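The values are calculated or read from the model by the stated rules, or taken from the named source; none is laboratory data. A quick note: this is a predicted structure, and the numbers were derived from the prediction, not measured. So basically every Cβ, Gly included, is an ideal-geometry build from the backbone, and we count neighbours across all protein chains shown. Side chains included, ligands, DNA and RNA excluded: accessible areas come from the protein's heavy atoms. Shrake-Rupley method; radii C 1.70, N 1.55, O 1.52, S 1.80 Å.
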Amino acid sequence: MIKESNLKPDAAQFRETVAAGDYFLKVVKAGQTFRILDLEGNQAADTLFYSAEDPSERYSAMDTIREQGNAYLSAGTRLRSNHNRVMLDIVADTCGRHDTLGGACATESNTVRYDLEKRHMHACRDSWMLAIAENEELGLSKRDITHNINFFMNVPITPDGGLTFEDGISAPGKYVEMKAQMDTIVLISNCPQLNNPCNGYNPTPVEILVWN
Ligand SMILES: [Zn+2]
């Protein structure tokens with residue numbers, strides 16, 4: 001569902017550009033609203049959420065999809081934890097559809113899907129592992145890398161129940177905005193994938209904005 005935001009970028013308390021292939025990590029406090037802005041279009045933002053109070057509580061694709069009865073995420077979606085509590089609400093969305101079934105790219109899946117020689121290529125899972133290694137104070141480890149949301153990524157379900165990575169439906173300036181219902185660790189890998197159309201074969205920066 002397309003829903004525009006009333007928030008003004010100039011009034012944001014925090015703004016940061018995340019380079020193509022880089023990660024972003026920040027605690028968003030309950031009541032704050034944050035936006036992921038697709039600056040140049042067709043850029044997947046592979047995102048994990050954890051409760052800042054207890055990171056063993058984290059985003060759950062199963063609970064989110066089951067409770068809303070819809071496999072796709074957009075404005076109106078309540079993003080739920082593995083304790084079935086609402087972590088964040090998607091309050092605005094000008095892209096209209098986000099994936100939470102396709103998973104993040106990894107060197108392992110790149111070799112299975114594309115070629116053994118792709119093993120050395122930079123992948124979202126590597127960016128997340130780097131983020132948790134560089135931020136030990138969060139107490140996250142490899143076991144905490146679980147299912148995620150691929151914002152701006154177009155992964156339609158086929159009539160026979162398969163998944164396909166299709167050309168993106170996002171475009172320059174499209175955004176998705178969430179209001180936190182609990183203090184939430186936001187961990188984004190700005191996807192470096194070059195083997196499928198999720199980034200238009202050209203990874204580009206995204207911008208993060210936070211309003212109090
Ligand atoms: Zn990726």
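Things worth noting here:
- For the residues VAL28, VAL18, the requirement of being within 21 Å of HIS98 (Cβ to Cβ), at pLDDT 95 or above, open to solvent by less than 10 Å² (accessible area, probe 1.4 Å) and within 16 Å of the ligand (Cβ to nearest atom) singles out VAL18.
- In region 185-202, the residues that are under 19 Å from PHE24 (Cβ atoms) and among the hydroxyl-bearing types (Ser, Thr, Tyr) form Cβ pairs under 8 Å with partners that are part of a helix (DSSP H, G or I) and open to solvent by less than 20 Å² (accessible area, probe 1.4 Å), at six or more places apart or across chains, as follows: SER189/CYS124; SER189/SER127; SER189/TRP128; SER189/ALA131.
- Members of region 177-196 that are of a type in the set (Asp, Glu) and either surrounded by fewer than 23 Cβ atoms within 10 Å (Cβ to Cβ) or within 20 Å of ILE132 (Cβ to Cβ) (or both): ASP183
- Looking across region 59-101, the residues that are in a loop (DSSP other than H, G, I, E, B) and under 16 Å from the mean Cα position of the chain (by Cα) come down to SER60, ALA71, TYR72, SER74, ALA75, THR77, THR94, CYS95, GLY96, ARG97, THR100, LEU101.
- Just one of the listed residues (THR146, THR77) is touching a residue at least 40 places away in the same chain (Cβ under 8 Å), farther than 21 Å from LEU194 by Cβ and of a type in the set (Ser, Thr, Tyr), namely THR146.
- Of all residues making up region 41-65, the number that are within 16 Å of the ligand (Cβ to nearest atom) and buried (at least 24 other Cβ atoms within 10 Å of the Cβ): 6
- Residue in region 168-176 that is without any contact (Cβ under 8 Å) to a residue 60 or more places away in the chain and either open to solvent by 30 Å² or more (accessible area, probe 1.4 Å) or in contact with a helix residue (DSSP H, G or I) (Cβ under 7 Å, 6 or more places away or on another chain) (or both) present: no
- Any pair with Cβ under 7 angstrom, 6 or more apart, that starts in region 110-136 at a residue that is farther than 15 Å from ASP22 by Cβ and without any contact (Cβ under 8 Å) to a residue 40 or more places away in the chain and ends at one that is part of a helix (DSSP H, G or I) and within 12 Å of the ligand (Cβ to nearest atom): ARG119/THR107; ARG119/ASN110
- Filter pass, ALA92 being open to solvent by 20 Å² or more (accessible area, probe 1.4 Å) and more than 16 Å from the ligand (Cβ to nearest atom): no
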